[in-house]
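Reviewing the structure listed below.
The values are calculated or read from the model by the stated rules, or taken from the named source; none is laboratory data. The model shown is predicted, which means the values in this text are computed figures rather than measured ones. Quick reminder, even Gly has a Cβ in these numbers, built from the backbone with ideal geometry, and neighbours come from all protein chains shown. Protein only, heavy atoms only, side chains kept; ligands, DNA and RNA dropped before computing areas. Shrake-Rupley method; radii C 1.70, N 1.55, O 1.52, S 1.80 Å.
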Amino acid sequence: MYLTLRELRHDKWKFSALGLIIFLIVFLVLFITGLANGLANDSGSAIKDTPAETFVLQKGSQARLNRSKLTEQDWQNFQNKYHNDVTKLSVAQMTIQKQNNASKKTDIAYFVINQDSFLAPKSIKKTDSNQVYVSRKLESDGYKVGDSFKDSNSGKTFKIAGFTNTESYSHSPVIYLNNRQAKNILPDSNSFNAIAVKKNLTKKSGYQVISKQTLINNIPGYSAEQSSLYLMIGFLYLISLFVLAVFFYIINLQKISDFGTLKALGTKTGYLVRHILTEMGLLSVSGILVSFLVTYLIKLKMPASMPFSLSLTTLLGTGLLFLIIALLSALLSLIKVVKIDPINAIGGNN
Amino acid sequence: MSVLELKNIIKNYPDGENVNEVLKDISFQVKKGEFAAIMGPSGAGKSTLLTIMGALLSPSSGTVLLNNQDISHFSKNQQIQLRLNEIGFIFQNSDLIPYLKISEQLQFIQKISDKKPTDAIAILKQLGLGHRLNSYPNALSGGEKQRVAIARAFINQPDLILADEPTASLDSKRGREVVQIIQETVHQQNKAAVMVTHDERILDLVDSIWQIEDGKLKKVNK
């Protein structure tokens, strides 16, 4: 620590530059992670935030809600066995518009649910026949509580009774309908898409039984977005490992003769190893903390059209992972320092 | 009483398929309060001899006695402890740590050593460096740097001081001053010192002179 602090003080510009690189990389990783999570939420939060664990779909529907069609007979099979742990779900992606403005339409997803079931968001209360609860995401399209909107296809109007959270399905805000309301706008109201189960089922012959995550992964666009963003994040980790290793190696290479002198004067190799790790650790921790701060500020300023979501766990996890990466990158320098022979200090070889 | 005594030291290096014998049966001793100089042309084995005296290198055979303790087969860790606490080094280019202030150059040695610290500032002031305590090495002249290196070598109260061509990067006037300081300190504090040099103009300042040539060391009458 004695050497580390004094070296950081003396070479503040050199180390600030290294700290800046660490900050930029961590910030980029956090930013892309936030976007990936934001897009993931925007794609599947209406499914993800429910207590359902398993979904039962029609056999052969390839884990796609819109390709699955179940009947009353299927429903009876499950309800007799699981009672309140199962409920019906239909999803329909449609368009709505403000009552007298046909030019401004908004894509939405209708979730047809039983309002007493576990799929209903907590904020939903019993409503009149034409009052519906909608995702808060609709707010950014100019809808307020009490506003009316028209289903573009059927022409049926509804009144917004209240907002739920920002539930979203395939980047569209969710509108919750009950069965009676759905009858007026959905063509085939006797069938439905899926049965949500609050338990962990694995198999049921004659049906496709999938986990919640599998269902989310198969929401159109979800996997493509997530895998490309996570590929970028993966590469960023890899790149930063090499960039930091090279930078740090070069910085330490310049000090090889100092290390030889220190060893000749009786400094233990372990002390120098600790010195290097502390130096890299301090630089990384400060870079990471600054990037936390900047990410937080950016998060506050992000427009609603760019979904951004970063939990504290993800934030701290990313920071920790990066600290490990940074210390790994010091490995190359450590090998060099361990190998320095103090004899080099003698004979004016320095 | 001898502080450092070398008996029949041989040092071999593998040189391709052959063996290169750098030091051939060398014996040497230096007493308390004695300032010895080792002279010799380059390539004669001066540096190798100094690294063996300084516990940086173990001899191929022979005995190295430091305060009557055989250090020739010490482990790396024992050597480190020995260099830290029993030996003071003065290097050719002073080799100060560039990011430590002058006072910190000494304090660092005191920090990593278990020995009771002496007054580093007083030692620096005594060597005329009082106004340089908070400077970095790059602000110092060559002579000043070498004086700091001398202070660093003495700070831990070692019994043996080893100087590797301390005048090599200085002009003759400053070089002489630096050797004079070493001489005075060695005599005042009753230490043993060995200086490797090829500067004949300073030989009047040392107590004994040894000549090394082709790996053989012999004492020269003063």
Eligible aspartates and glutamates near B:LYS111 by straight Cα distance, threshold 20 Å, same-chain separation 8 or greater: A:GLU7, A:ASP258, A:GLU279, B:GLU86, B:ASP95, B:ASP119, B:ASP159
In nm, spacing of pseudo-spin labels at A:VAL338 and A:GLN76 (7 Å Cα→C-beta vector): 7.3 nm
Cα pair count fraction exceeding 41 Å, expressed as % - the protein assembly as shown: 51 percent
Summed buried accessible surface, chains B and A, 1.4 Å probe, nearest 100 Å²: 2600 Å²
Convex hull per residue volume in Å³, alpha carbons only, for segment A:86-191: 94 Å³
Most to least accessible of B:ASP70, A:ASP116 (protein chains only, probe 1.4 Å): A:ASP116, B:ASP70
Relative contact order, percent, segment B:1-218 [alpha-carbon distance under 8 Å, six or more residues apart]: 31 percent
Gaussian network model of chain A, Cα within-10 Å springs - most flexible of A:GLN93, A:GLN131, A:GLN76: A:GLN76
Peptide B:89-101 - average C-beta neighbours from other chains (10 Å radius): 6
Karplus (6.51, -1.76, 1.60) ³J(HN,Hα), θ = phi - 60°, over segment B:194-211, in Hz, Gly and Pro reported as x: 10, 10, 8, 7, 10, 8, 6, 5, 9, 5, 5, 8, 9, 8, 9, 10, 10, 10
Length gained when the stretch A:TRP13-A:PHE235 is fully extended (0.36 nm per residue, less Cα-Cα span): 77.1 nm
Amide H contacts under 5 Å for A:PHE308, placed H, 5+ residues apart: none
Chain B: antiparallel DSSP beta bridges as a percent of all, rounded to 5: 55 percent
Cα gyration tensor, segment A:149-233 - rounded (a/c under 1.5), prolate or oblate: oblate
R0 of 56 Å, Cβ-Cβ distance B:SER169-A:LEU320: FRET efficiency to nearest 0.05: 0.70
Helix A:12-48 vs. chain A, principal-axis angle (Cα, 0 to 90°, nearest 10): 20 degrees
Principal axis dimensions, segment B:35-163 - Cα atoms, whole angstrom, descending: 47, 36, 26
Nearby lysines by direct alpha-carbon distance to A:LYS14 (threshold 16 angstrom, same-chain neighbours under 8 apart not counted): A:LYS255
Candidate lysines - alpha carbon under 28 Å from B:LYS116, same-chain residues fewer than 8 apart omitted: A:LYS263, A:LYS268, B:LYS31, B:LYS32, B:LYS76, B:LYS101, B:LYS125, B:LYS145, B:LYS191
Virtual spin-label span in nm between B:GLU177 and B:ILE10, 7 Å along Cα→Cβ: 4.7 nm
Debye intensity ratio I(q)/I(0), log10, segment B:58-130, q values 0.24 Å⁻¹ (C-alpha model): -1.19
Integer Hz, Karplus 6.51/-1.76/1.60 couplings in order for segment B:56-72, x for Gly and Pro: 9, 8, 9, x, 5, 7, x, 10, 10, 10, 10, 6, 6, 10, 6, 9, 5
Residue-normalised accessible area of the protein assembly as shown, expressed per residue, 1.4 Å probe, Å²: 46 Å²
Over the protein assembly as shown: helical MRE at 222 nm, DSSP H runs n ≥ 4 each giving -39500 (n - 2.57), nearest 500: -13500 deg cm²/dmol
Mean Cα-pair separation over length for chain A, i.e. relative contact order, pairs under 8 Å, 6 or more apart, %: 28 percent
Rounded percent of accessible protein surface that carbon and sulfur make up, the protein assembly as shown, 1.4 Å probe: 53 percent
Calculated over segment B:1-218: convex hull of Cα atoms, volume per residue (Å³): 127 Å³
Highest-MSF residue in chain B out of B:PHE154, B:PHE91, B:PHE74 [GNM, Cα springs under 10 Å]: B:PHE74
For segment A:272-348, the fraction of alpha-carbon pairs in successive 5 Å shells from zero, as %: 3, 13, 17, 15, 13, 11, 8, 6, 5, 3, 2, 2, 1, 0
